[in-house]
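Accompanying notes for the structure given below.
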Amino acid sequence: MKKRTFIKLTGTVGAGILVAPFLGCGSGANPSAKNATIQSFGFDQEPLGYNVAALAPKIDAVTMEIHYGKHHAGYVRKLNNALRASNGAYDGKGLVDLLAGLAPDQTALRNNGGGHYNHTLYWRVLTPGGAPAPEGDLKAELEATFGSVEAFEEEFSSAGASRFGSGWAWLIRNSKGRLEVTSTANQDNPLMSNIVEKPGIPLLGMDVWEHAYYLNYQNRRRDYIQSFLSLVNWDKVALNAAANF
Ligand code: MN
């Protein structure tokens, strides 16, 4: 279970077999196809696990349509363009490895690789109506680390609210194996260990770009954050945590 989840998360670039429905590549030309002369590879968006209107009214359908269908899709398209321009330098690499190895000046891969990973995680940790509060091991670890689930939520909310401009708030497992709240600018991601201040494995990611909430909430980012937290699928967050042990 854990290994399978990890494989799904990492995927590969340019491999001939589609092993990763979440963050994997669209795979190369199918070697068994009769007319496989056009080489194309790249990452795909996984389908949303729910209808675009399913999170309304907390996150409205138009925001979801534009966010998933335009913003996220644009990151994927530009990521694939950047990979094509890299002349095979990343063939066989998964997105996690790709992000982990990036240098600050690799702007196209940094912005669009981060954009793809971040949004995929975002769609996955949301669920219509939300899910019950954290349970089991994750709940115990949140309590041990932050004092209580509520204290974690307050720290996480503050990280999102105080992020100047565009960016993300994260719950990560850091290099010491401990849970930690952090925030990154733009589409940076805690996996980018050569770039971000606090590297780690993302368990929960919250988009605080205005495009994530402006139609519904305008300048009221705190209200959006509260709604986001009420829509979190804690089972998925716990799965992310378990996959990283
Ligand atoms: Mn976004």
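Just a few scattered comments:
- Within the option set G136, G101, being surrounded by fewer than 17 Cβ atoms within 10 Å (Cβ to Cβ), more than 16 Å from the ligand (Cβ to nearest atom) and closer than 19 Å to I195 by Cα holds for one residue only, G101.
- A count restricted to the range 131-183 and to residues that are among the polar types (S, T, N, Q) and farther than 27 Å from A212 by Cα stands at 3.
- Failed item in (1) closer than 30 Å to L98 by Cβ; (2) more than 16 Å from the ligand (Cβ to nearest atom); (3) among the polar types (S, T, N, Q); (4) open to solvent by 40 Å² or more (accessible area, probe 1.4 Å), with T127 passing the rest: (4)
- Among the residues of this structure, Y117 counts as one that is aromatic (F, W, Y) and within 15 Å of the ligand (Cβ to nearest atom).
- Candidate set from the range 197-245 (those that are more than 16 Å from the ligand (Cβ to nearest atom), open to solvent by 20 Å² or more (accessible area, probe 1.4 Å) and of a type in the set (A, V, I, L, M, F, W, C)); member that is farthest from G129 (Cα to Cα): F245
- Qualifying residue in the range 74-97 (condition: touching a Lys or Arg at 6+ places or on another chain (Cβ under 9 Å), surrounded by 15 or more Cβ atoms within 10 Å (Cβ to Cβ), more than 27 Å from P128 (Cα to Cα) and of a type in the set (A, V, I, L, M)): no
- Here N189 clears all of (1) of a type in the set (S, T, N, Q); (2) open to solvent by less than 20 Å² (accessible area, probe 1.4 Å); (3) over 14 Å from the mean Cα position of the chain (by Cα) except the condition numbered (3).
- Only listed residue being modelled with pLDDT under 95, farther than 17 Å from L229 by Cα and among the basic types (K, R), chosen from R84, R124, R77, R110: R84
- In the condition set (1) away from the ligand (no atom under 16 Å from the Cβ); (2) more than 25 Å from I195 (Cβ to Cβ); (3) without any contact (Cβ under 8 Å) to a residue 60 or more places away in the chain, T107 is compliant with all but (2).
- Any hit, the range 164-178, residues being open to solvent by 30 Å² or more (accessible area, probe 1.4 Å) and within 15 Å of the ligand (Cβ to nearest atom): yes
The values are calculated or read from the model by the stated rules, or taken from the named source; none is laboratory data. Here the structure is a predicted model, which means the values were calculated and not measured. Every residue, glycine among them, receives a Cβ derived from its backbone with ideal geometry; neighbour counts consider all protein chains shown. Accessible surface is based on the protein model in full, side chains and every heavy atom, while ligands, DNA and RNA are left aside. Shrake-Rupley method; radii C 1.70, N 1.55, O 1.52, S 1.80 Å.
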